[in-house]
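**Q** Provided herewith is a single structure, encoded as structure tokens, for subsequent inquiry.
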Amino acid sequence: DAGVIQSPRHEVTEMGQEVTLRCKPISGHNSLFWYRQTMMRGLELLIYFNNNVPIDDSGMPEDRFSAKMPNASFSTLKIQPSEPRDSAVYFCATTLRTGPLRWGYTFGSGTRLTVV
Amino acid sequence: GESVGLHLPTLSVQEGDNSIINCAYSNSASDYFIWYKQESGKGPQFIIDIRSNMDKRQGQRVTVLLNKTVKHLSLQIAATQPGDSAVYFCAELGGIDYKLSFGAGTTVTVRA
């Protein structure tokens, strides 16, 4: 199993540009989460999906952030327009929800975003 | 505010010694508590979890203790090795949607 695959690994962009982060979950996992990690705020949950449906996006900081999951194999997190304060490492994590839930999630290697 | 947090931001330990990483939580309704290890440039990796109705759980070289009376969680690593150097996060899993909430993290450095 290749695990949770995120791309790109690193992204440097100019302020105002659109940024799209991508995630391919582990096959069979039906829940997907987007986290953001910064030194100041640690790991923050942005949004999560169950069976491709967005369940809770209360962690999305602003309307500039949007996420989609068009199918069970792919999700995107988009920032438009990007700002320097969006600089962070963005993680995608997935898990399988069946009945009583246990286990933590499996995380991807993250995308390090730098907005200059 | 955060419902899960760590007592110490850093821990330096001699190779071969045992490590103890502590965590305090405030949400008594959480069903599971989980420890993650994050190495530089990587995502958090599951180490061990404990259900809220348990006090202790052991894995390979790791033991998690849960004290619900004082809302305290700890991770013990036996015979710490250089490969154990990482940031360790405690996290709680619970609520209707079973969201995973993380504490601030403790950086463990193993001295040779």
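The values are calculated or read from the model by the stated rules, or taken from the named source; none is laboratory data. Given the structure is predicted, the values throughout are model-derived calculations rather than measurements. Cβ: placed from backbone, ideal geometry, glycine included. Neighbour counts: every protein chain shown. Heads up: the accessible areas ignore ligands, DNA and RNA and are worked out on the full protein's heavy atoms, side chains in. Shrake-Rupley method; radii C 1.70, N 1.55, O 1.52, S 1.80 Å.
**Q** Of the residues that sit in region B:88-101 and are of a type outside the set (Gly, Ala, Ser) and touching an Asp or Glu at 6+ places or on another chain (Cβ under 8 Å), which one is farthest from B:Asn18 (Cα to Cα)?
**A** B:Asp97
**Q** Regarding B:Leu8, is this residue more than 10 Å from chain A (Cβ to nearest Cβ) and modelled with pLDDT under 95? Give the steps one after another, and end with the answer.
**A** Numbers: more than 10 Å from chain A (Cβ to nearest Cβ): yes; modelled with pLDDT under 95: yes.
Considered against the rule, which asks whether it is more than 10 Å from chain A (Cβ to nearest Cβ) and modelled with pLDDT under 95, B:Leu8 comes out as yes.
**Q** Taking into account only those residues within region A:1-53 that are at positive phi and among the polar types (S, T, N, Q), which is surrounded by the fewest Cβ atoms within 10 Å (Cβ to Cβ)?
**A** For region A:1-53, the residue satisfying everything is A:Asn51.
**Q** If you don't mind, another one. Pairs please, first residue from region A:85-98 and touching a residue at least 60 places away in the same chain (Cβ under 8 Å) and open to solvent by 20 Å² or more (accessible area, probe 1.4 Å), second anywhere and not polar (S, T, N, Q) and not in a strand (DSSP E or B), Cβ atoms under 6 Å, 6+ apart in sequence or on different chains.
**A** A:Leu96/A:His29
**Q** Within region B:48-63, count every residue that is under 30 Å from A:Thr111 (Cα atoms) and out of contact with any Gly (no Cβ under 7 Å at 6 or more places or on another chain).
**A** Total satisfying the criteria: 2.
**Q** Can you tell me how many residues in region A:22-50 are out of contact with any strand residue (DSSP E or B) (no Cβ under 7 Å at 6 or more places or on another chain) and without any contact (Cβ under 8 Å) to a residue 60 or more places away in the chain?
**A** 4
**Q** Related question: For region B:30-89, what are the residues that are in contact with a Phe, Trp or Tyr (Cβ under 9 Å, 6 or more places away or on another chain), part of a loop (DSSP other than H, G, I, E, B) and free of Cβ contacts under 8 Å to residues at least 12 places away in the same chain?
**A** Hits for region B:30-89 are B:Lys42, B:Gly43.
**Q** Return the residues of region A:79-99 that are more than 9 Å from every other protein chain (Cβ to nearest Cβ), at pLDDT below 95 and assigned to a loop (DSSP other than H, G, I, E, B); say none if nothing qualifies.
**A** Hits for region A:79-99 are A:Leu96, A:Thr98, A:Gly99.
**Q** Which residues, counting only those in region B:90-112, are in a loop (DSSP other than H, G, I, E, B), open to solvent by 20 Å² or more (accessible area, probe 1.4 Å) and either touching a residue at least 60 places away in the same chain (Cβ under 8 Å) or more than 14 Å from every other protein chain (Cβ to nearest Cβ) (or both)?
**A** Matches in region B:90-112: B:Gly95, B:Tyr98, B:Ala104, B:Ala112.
**Q** So, in region A:18-77, exactly how many residues are under 28 Å from B:Thr106 (Cβ atoms) and of a type in the set (Val, Ile, Thr)?
**A** 3
**Q** Would you call A:Val19 without any contact (Cβ under 8 Å) to a residue 24 or more places away in the chain and not basic (Lys, Arg)?
**A** It is false that A:Val19 is without any contact (Cβ under 8 Å) to a residue 24 or more places away in the chain and not basic (Lys, Arg).
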